[in-house]
Structures are given as C-alpha cells and as structure tokens.
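I have placed the structure first, in the form of structure tokens, so that the comments after it can refer back to it.
Read the figures in this text as sums done on the coordinates, not as results from a lab. None of the values given here were measured: they were computed from a predicted structure. No Cβ is skipped: glycine too gets one built from the backbone with ideal geometry, and neighbour counts run over all protein chains shown.
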Amino acid sequence: MTEMPKNPEVDERIVKELQSIVGEKNATAAKHVRYAYSYDMSFVLPKMPDYVVMAETVEQIQNIMKFANKEKIPVVPFTAGTNIGGLCIPERGGILLDLKRMNKIIKIDAESHYAVVEPGVSHGQLAEALFEHKLRFGWPVGPPSASVSSCAINHGIGGLNARYGLNSQEITSMEVVLPTGELVRVGSCAIVEDAWHSTLPLPKLDGLFKGWLGSTGIVTKLGIAVHPIPPVLKVFTVSCNNVQDMYSYMNNLANYEICDDLTAVSWWLAQVPIPYPYREKPEDAPEWFSFANTNSFTEKEKEAREEIWQMVVDEEVKKGTSLKVTEYPEEALKARTQLPSQIVGSTKNYCKMAGAGISWPGTFTPANKWSPVYTEWKRILIEHKLSPSVRMSMYRGVHYGMLRAMIPFNKQIPEENENARHAIVECLKVDLDNGGIPYKPPVDFGHEINKRAHPGYIELLKRVKMMLDPNDIMNPGKLAI
Ligand SMILES: Cc1cc2nc3c(=O)[nH]c(=O)nc-3n(C[C@H](O)[C@H](O)[C@H](O)COP(=O)(O)OP(=O)(O)OC[C@H]3O[C@@H](n4cnc5c(N)ncnc54)[C@H](O)[C@@H]3O)c2cc1C
C-alpha cells in the first residue's frame with residue numbers, strides 16, 4: 001500500500017479542528033488507526049484515510065461536514081465496513097467518519113409497524129429489540145454486526161425479499177446531513193417531526209440518498225417498515241441437476257407469491273467453507289438446491305401454501321425436469337430461517353480456505369436470464385480456478401431477482417487478488433449485457449455500468465451530485481462519474 005507524503009503541520013491543524021468538534025479521543029491521524037480502515041475483504045486495493053473520526057451526534061456530523069466542505073477534504077461514511085465492494089475505501093484519502101457509536105433505536109411503533117434507527121444500529125441489535133414485539137425485518141445473510149441503515153440505503157437484500165422486496169423499499173422516512181452541512185428530512189418526518197411512517201405521497205426525495213453509496217449525504221436517522229412474525233414456519237426444499245430446471249421451478253412457484261424467501265444456491269455455495277480453489281462437484285450430487293421459506297399465522301394457512309407448492313412440484317415433474325423434493329437437516333435449515341445468523345453471516349465460513357478475500361458480482365437480473373448468465377459465469381470462474389458459488393433469489397413476483405456469486409480468494413497474494421478481480425469483472429460484463437444491474441458496485445463495476453449508460457443518465461447523475469455536493473467531497477469517486 002502506498003501513502004502520499006503528508007504535511008505534518010496541516011495534519012496537526014486539521015486534527016485539532018476535528019477534535020474540537022468530537023472531543024480529543026474521537027479524532028486522530030495515528031497511522032495504526034488509519035490502517036485499520038484502509039482495506040476490506042474485497043479485491044479493491046487498500047488506500048489510507050488521512051484522519052479517522054468517530055461522531056456521536058447529528059450536530060457533530062453537521063460541523064464536520066461544514067469544516068470538510070470549507071477545506072475541501074473528502075469524507076467517507078462508515079458503519080461496519082462489511083460491504084465487500086470497497087465502498088468505504090477512501091479513494092482520495094480524507095476523513096473516515098465512523099458512525100457505529102450512533103446506535104440508538106429511537107422508536108419502535110409496534111402498532112403502526114415501523115421503527116426509527118440511527119446509522120450505527122446493527123441487524124443483531126434491531127432483531128433482538130423487534131423480537132420483543134413479535135416483529136421482524138428482512139435480515140441479510142451477512143454479518144449481524146452490519147448496519148441496518150447502510151444495508152437499506154444501498155439497496156441491500158434480506159430474508160423477506162420475495163414477500164416485501166428490497167430493504168430499500170422498506171424505507172419510510174430519512175434524516176440526512178448534506179455534504180455542505182445542512183440538515184434535511186424526506187418523507188413524512190419532513191412535515192411532522194415525529195411522523196416517520198411513509199415517504200409517499202410526497203415527491204420521493206429519498207431517492208437522492210438511496211443507491212448513491214454514501215456520496216450524496218450522511219443518513220442520521222432512518223424510518224423502516226417492520227412486519228409481524230407469522231408463527232407457523234414451513235420450508236420447502238428441492239434440488240435440480242441444472243440451472244434451467246431450477247429457474248423453471250422458482251418462476252412457477254413465484255407466480256403464487258406465497259414465500260417470504262425463495263432462494264436457490266449452487267452446490268459450491270452450499271459447501272462450508274466454499275471451496276477455494278475450485279473443486280469439482282461429485283458427479284452424483286445435484287447442482288442446485290432451493291429453499292422456499294413460508295410463514296403462516298395458522299396451520300390452515302400453512303396447508304393452503306403447501307397445496308400450492310405441491311401443485312407446482314407436480315407440474316414441474318410432469319414437464320420431465322430433474323427436480324426432486326429433498327429433506328434438509330434441521331440444523332441446516334436454521335441457518336436459513338434464524339437470521340441474522342453468526343453461522344451464515346460469519347465470513348470465516350467463506351474465507352477459511354482462501355486467505356481472507358471475498359468479493360461478488362451481486363446483481364439484480366431479469367429472472368429469465370439467470371440460466372444463460374450462470375452458464376457463462378460458471379465457465380469464466382472455473383477458467384480462473386474459482387468456485388461458481390452462486391445464489392438466485394426471487395423478489396416480489398417473477399420479473400427479476402438476485403443473481404450473485406460469493407467468491408472467496410487469497411487476498412494475501414497480489415496475483416490471486418488480480419485473478420479474482422479479473423474473473424469477477426468479466427462475469428459482471430456478461431450480466432450487464434443481459435440486462436442485469438450490480439448492487440453495491442465497486443468502482444470497477446461503476447466504470448462498466450457507465451460505459452453502457454444512456455448519456456442523459458450520466459448527465460443527470462452528475463447534475464444531482466453537483467447540486468448536493470458542489471466540492472465533490474462525499475465518498476468521492478465511488479460512482480465512477
Ligand atoms: C458474508 C457476507 C454476506 C453478506 N450478505 C449480504 C446479504 O445477504 N444482503 C446484503 O444486502 N448484504 C450482504 N452483505 C454485505 C453487507 O454485510 C451489507 O451490505 C451490510 O448491511 C453493510 O453494512 P455495513 O455497516 O458494513 O456498511 P458499510 O460497509 O460500513 O457501508 C456501506 C456503504 O454505505 C455508506 N454509508 C455508511 N453509513 C452511511 C450513512 N449513515 N449515510 C450514508 N452512507 C453511509 C458507506 O460509505 C458505504 O458506501 C454480506 C457481507 C458479507 C461479508
């Protein structure tokens with residue numbers, strides 16, 4: 001990792017100024033602290049921030065932004081840094097702003113089913129608090145320590161996506177500090193201070209801060225819809241020998257909209273840990289496994305869902321596909337139904353054999369393109385000695401869903417890091433050419449997206465960015481514009 005030569009006098013002045021805002025212990029330019037924020041698990045190469053600051057109040061964040069904007073110092077918001085796309089790596093140095101101490105659950109409205117959280121509230125923390133009220137949210141298959149709001153504002157994915165859509169579709173209101181330091185609100189809380197229930201029917205200004213990877217402002221409070229927990233759980237599991245048969249089953253079942261989560265994983269993703277380097281699947285093992293999680297309020301409701309599922313299975317069997325109904329061990333199902341989970345959220349499961357590297361092409365892809373894209377991904381990844389450890393999940397109906405490969409690799413060895421980057425970017429190009437769009441995209445992906453984009457779209461992005469962030473200090477470089 002290279003570090004630009006720095007001017008100790010300038011540094012000292014800036015540290016002093018930042019300390020005057022957040023307190024002496026909460027701002028530093030110490031190298032060992034900066035180092036800890038210079039890398040993540042992905043193939044993105046490390047870069048050092050110049051300062052690390054921990055904020056605790058909205059007012060502190062406003063003052064930091066006013067100061068940084070005046071001095072034109074980049075600011076990178078950070079909550080847990082688990083995004084695996086280099087999204088918190090400071091492309092141009094500057095202030096790494098760690099928000100994990102802002103971890104209050106401000107409100108749980110158990111009657112109207114929404115919650116209001118600060119950015120440092122983790123999935124584990126909110127799950128525990130909501131459970132007291134028999135409520136839930138779409139918990140990702142990621143680390144329980146990651147932030148609820150960072151996942152939601154970056155179009156993250158949780159375990160209720162088949163029923164309610166992306167976690168960003170659950171956002172009901174927002175409070176945001178702009179790059180220039182002003183405090184704004186969007187959604188109902190903009191009109192009545194403690195009304196956090198809906199972004200509609202106002203103009204959807206929350207879009208100015210969703211999917212922008214922290215490059216348009218710092219979210220300081222987030223309202224999200226939460227949902228009751230129907231107590232009767234039933235998970236339907238099947239296997240298929242090829243991707244086309246699995247797609248056919250999932251598409252058929254998704255038509256009936258009876259699942260909370262409808263996901264399939266390739267044999268390689270079902271292994272703990274994921275094989276690195278690539279290892280051949282045993283010939284007699286199916287290539288795909290699917291679990292369809294359903295939650296019902298009564299046994300009768302469950303039986304009705306079961307009847308629909310059985311009808312779908314019978315139809316698929318009649319088509320002559322390779323689909324087989326399977327029984328999963330209780331323990332294995334827990335990993336899919338008891339989220340957030342240390343078991344599946346633990347990166348050691350993914351990285352054990354791989355020297356700590358993990359990256360993905362994570363995309364929203366038209367479901368009828370899953371099969372051709374997976375076939376190409378498999379070829380590319382195996383050529384690079386990487387596992388085609390792929391997941392497919394349906395979102396709210398059938399027209400698109402998640403297609404993602406979770407790829408471990410050895411980050412300690414530069415050639416292996418580059419090998420992973422090359423393979424993953426190649427996979428991404430195939431997906432983009434088939435109409436897929438990557439979520440939480442690393443900068444490399446941003447370039448590929450923008451190459452294909454309508455010029456008017458890029459112009460609009462630039463204008464919005466310029467309007468909100470005239471000095472280009474908010475997580476600069478991330479959208480590759
Ligand atoms: C093994 C594994 C599995 C995973 N599975 C999933 C999954 O199933 N679904 C899923 O969605 N993700 C998954 N992830 C990715 C990741 O865990 C989630 O995206 C997580 O919610 C990110 O939260 P974080 O606190 O780590 O965010 P960070 O990495 O700290 O930040 C993410 C982005 O948000 C920006 N940001 C942070 N705070 C703010 C703020 N307050 N205002 C504005 N911008 C901000 C940052 O600058 C950065 O661009 C997985 C990760 C791993 C390692």
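By other beta-carbon atoms within 10 Å, ranking F291, F445, F297 with the fewest at the front produces F297, F291, F445.
For the range 192-255, the extents of the C-alpha atoms along the principal axes are 52, 33, 22 Å, listed from largest to smallest.
Let me know the charge dipole size of the range 8-98 about its Cα centre in debye, to the nearest 20, where only the beta-carbon of Lys, Arg (+1) and Asp, Glu (-1) is charged.
About 160 debye.
Of M466, M41, M65, the sequence from fewest to most neighbouring Cβ atoms within 10 angstrom is M466, M41, M65.
Find the relative contact order for the chain and round it to a whole percent, using C-alpha pairs within less than 8 Å whose residues are 6+ positions apart. Answer for the chain is 17 percent.
Around the Cα centre of the chain, unit charges on the Cβ atoms of Lys, Arg, Asp and Glu (plus for the first two, minus for the last two) sum to a dipole of about 660 debye.
Across all Cα pairs in the chain, the calculated P(r) in 10 Å bins from zero up to the longest distance comes to 4, 19, 30, 27, 15, 4, 1, 0 percent per bin. Each of T172, T82 was scored by other Cβ atoms within 10 Å of its Cβ. Listed from fewest to most, they are T82, T172. Using a/c under 1.5 as the rounded threshold, could you call the range 118-176 rounded, prolate or oblate? The axes a ≥ b ≥ c are square roots of the C-alpha gyration tensor eigenvalues, and prolate needs a/b larger than b/c, oblate otherwise. Judged from the Cα gyration tensor, the range 118-176 comes out rounded (a/c under 1.5). What does the charge count around P438 come to, taking other residues whose C-beta lies under 12 Å from its C-beta (Lys +1, Arg +1, Asp -1, Glu -1)? Net of charged neighbours comes to +1.
In whole percent, what relative contact order does the range 105-228 give with Cα contacts below 8 Å and a gap of six or more residues? In percent, rounded to a whole number, it is 30. Rounded to the nearest 10 degrees, the inclination of helix 414-433 to the longest alpha-carbon principal axis of the chain is 70 degrees. Does anyone have the angle between helix 443-452 and the longest principal axis of the chain? Alpha-carbon axes, 0 to 90°, nearest 10? It is inclined by approximately 70 degrees.
Could you tally the net charge around I218, taking each other residue with its Cβ under 12 Å from the Cβ of I218, Lys/Arg +1 and Asp/Glu -1?
Details: positive: K221; negative: D98, E118, E175, E182, D469.
Residues close to I218 contribute a combined charge of -4.
Each DSSP beta bridge with both residues in the range 8-98 is either parallel or antiparallel, and the antiparallel ones are about 20%. The aspartates and glutamates whose alpha-carbon is closer than 17 Å to the alpha-carbon of K378, local same-chain residues fewer than 8 away aside, are D245, E280, E283, E287, E426, D431, D433.
By the helix-only formula, in which each DSSP H run with n ≥ 4 contributes -39500 (n - 2.57) and the sum is divided by residues, the chain has a 222 nm mean residue ellipticity of -10000 deg cm²/dmol. The long axis of helix 455-468 is offset from the longest Cα principal axis of the chain by roughly 50 degrees.
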